[in-house]
1. What number of residues within the range 182-197 are surrounded by 20 or more Cβ atoms within 10 Å (Cβ to Cβ) and not β-branched (V, I, T)?
2. Out of curiosity, is K176 free of Cβ contacts under 8 Å to residues at least 40 places away in the same chain and of a type in the set (K, R)?
3. Tell me, which residue of the range 142-177 that is at pLDDT 85 or above and β-branched (V, I, T) is nearest to G190 (Cα to Cα)?
4. Kindly evaluate I64 against the criterion of being exposed (fewer than 10 other Cβ atoms within 10 Å of the Cβ), touching a strand residue (DSSP E or B) at 6+ places or on another chain (Cβ under 8 Å) and either under 30 Å from Q207 (Cα atoms) or modelled with pLDDT of 65 or more (or both).
5. Pick from the range 158-181 the residues that are farther than 12 Å from A229 by Cα and touching a Ser or Thr at 6+ places or on another chain (Cβ under 9 Å): which of them is surrounded by the fewest Cβ atoms within 10 Å (Cβ to Cβ)?
6. Condition check: surrounded by 10 or more Cβ atoms within 10 Å (Cβ to Cβ), outside the structural domain of F150 (by TED's automatic domain parsing) and at pLDDT below 65. Does A90 satisfy that?
7. Search the range 22-36 for residues that are among the aromatic types (F, W, Y) and pair each with any residue that is modelled with pLDDT of 75 or more when their beta-carbon atoms are under 7 Å apart and the residues are at least 6 apart or on different chains.
8. Do we have E83 as within 29 Å of the chain's Cα centre (by Cα) and either in the same structural domain as G203 (by TED's automatic domain parsing) or at pLDDT 85 or above (or both) here?
Amino acid sequence: MAARANWKGFLRLSLVTCPVALYPATTDSEKIHFNQLNKKTGHRIKYLKVDADTGKEVSSDEIIKGYKVDTDTYVEVSNNELESIALESALLMGLFYFSIVMIMGHVSFVRPEWLTRLGAAWKRAMGEMEMIYDGRCGFCVRSMVWFLAFDGLGQIKTRNFRTDPSPIVSDALMEKALYLVLPDGRMLPGFEAYRYVVPRVPGLWWQVPMFYVPVLSRLLGHPLYNWIASHRSLLSSMGSRGVAGASQQQER
């Protein structure tokens, strides 16, 4: 038997209207159900809905919902009122998250004229930053590609230290961490570089809670980054094997 929809309606976005139906994720059709019986007579037990004061049985069509506000005082609520509240909140939340996803996708992968102007204005306000990384490290290159995918406004300029050495960073420093050069010439290493960038790049705002938990973020962030930096050769080789394995499966 086909599942029945719990709710049917329409989702309207500007001039586009899409039919929407909500179905339960599980079904009770395959479950075994038992009835309660009187042990002495074998007769089925029935539950009656009765009025608390009169003791008389009340039919289902005469029963409504009520919210208790005081002793023996209730506010009557109809099913239509409950449905309108639930559906309105659900649709608003759905449209909110749908809008966020669409905006982020648009900002990250589409660059129309208005986005270029917005990026230029934002860079003038925040300043253009330069990230210096070790292009000889496969893990560092992959991390930088992932990082820049969220920079839809083009705020971060990257420099591969191995092909374009920086006069302010030495080989010894580059072996320990990547570096972020700020508009005023200051230089931040490793975890502090990521921490500075996250709140200033709109595409990375979702990471702010991870980098700005009081005390805890720095307490855990620095050791974690240092461990990754010291094991980047191992992480690079693991990533290379994963890419090679995926390409071999595609060839097959």
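1. The number of residues fulfilling the criteria is 4.
2. Here the answer is no, as K176 does not meet what is asked.
3. Among residues in the range 142-177 that are at pLDDT 85 or above and β-branched (V, I, T), the one nearest to G190 (Cα to Cα) is V169.
4. Working: exposed (fewer than 10 other Cβ atoms within 10 Å of the Cβ): no; touching a strand residue (DSSP E or B) at 6+ places or on another chain (Cβ under 8 Å): yes; either under 30 Å from Q207 (Cα atoms) or modelled with pLDDT of 65 or more (or both): yes.
The answer is no for I64.
5. We begin by selecting, within the range 158-181, every residue farther than 12 Å from A229 by Cα; these are 158-172, 179-181.
From what's left, touching a Ser or Thr at 6+ places or on another chain (Cβ under 9 Å): 159, 179, 181.
Details: R159: 18, Y179: 22, V181: 20.
Top of the filtered list is R159.
6. Numbers: surrounded by 10 or more Cβ atoms within 10 Å (Cβ to Cβ): yes; outside the structural domain of F150 (by TED's automatic domain parsing): yes; at pLDDT below 65: yes.
Spelling it out, A90 is indeed surrounded by 10 or more Cβ atoms within 10 Å (Cβ to Cβ), outside the structural domain of F150 (by TED's automatic domain parsing) and at pLDDT below 65.
7. Y23/A5; Y23/N6
8. No, not satisfied.
The values are calculated or read from the model by the stated rules, or taken from the named source; none is laboratory data. Remember, it's a predicted structure, so these values are computed and weren't measured experimentally. Cβ coordinates were reconstructed from backbone atoms using ideal geometry, including for glycine residues, and neighbour counts include every protein chain displayed.
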